[in-house]
1. Within region 33-57, take every residue that is among the polar types (S, T, N, Q) and part of a helix (DSSP H, G or I) and give me the one that is modelled with the highest pLDDT.
2. Could you look through region 17-41, keep only residues that are touching a residue at least 40 places away in the same chain (Cβ under 8 Å) and more than 15 Å from TYR66 (Cβ to Cβ), and pick out the one that is surrounded by the fewest Cβ atoms within 10 Å (Cβ to Cβ)?
3. Under 6 Å by Cβ, and 6 or more places apart or on different chains, what pairs join a residue from region 43-69 that is under 17 Å from GLN26 (Cα atoms) with one that is surrounded by 16 or more Cβ atoms within 10 Å (Cβ to Cβ) and of a type in the set (Asp, Glu)?
Amino acid sequence: MSKDIPVPANLEVKGKFYVDPPSGWQYGFPAVYDATKDGSLEEFFRSKGYPEKDIKFALQHTRSWYENTSNDFHTDTPIIGIGQ
């Protein structure tokens, strides 16, 4: 089962979206995630070498944050973390 990160329709992304699964430091996390390039979050974890047996748990408990790289960021919809 894959859980993609919801991105508000009115959001023009001008920054980086980071994900950090449990014990992710062992596999190069936190890492920038872009669903258009990386596919589903599940596929992204797999491509980074995250253990297959832990992916389902990670999809439920991954920290995430957005780093705005623009001064003209505007949206009426808040960005919600994966595990929320």
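1. Here is the first cut: in region 33-57, the residues among the polar types (S, T, N, Q) are 36, 40, 47.
Remaining after also requiring part of a helix (DSSP H, G or I): 36, 47.
Working: THR36: 91, SER47: 96.
Result: SER47.
2. Restricting attention to region 17-41, the residues satisfying the condition of being touching a residue at least 40 places away in the same chain (Cβ under 8 Å) are 17-22, 41.
Restricting the remaining residues to those that are more than 15 Å from TYR66 (Cβ to Cβ) gives 21-22.
Working: PRO21: 29, PRO22: 15.
In this case the residue turns out to be PRO22.
3. Sorted first by the residue in region 43-69, then by its partner, the pairs are PHE44/ASP38; ILE55/GLU42; ARG63/ASP20.
The values are calculated or read from the model by the stated rules, or taken from the named source; none is laboratory data. The model shown is predicted, which means the values in this text are computed figures rather than measured ones. Every residue, glycine among them, receives a Cβ derived from its backbone with ideal geometry; neighbour counts consider all protein chains shown.
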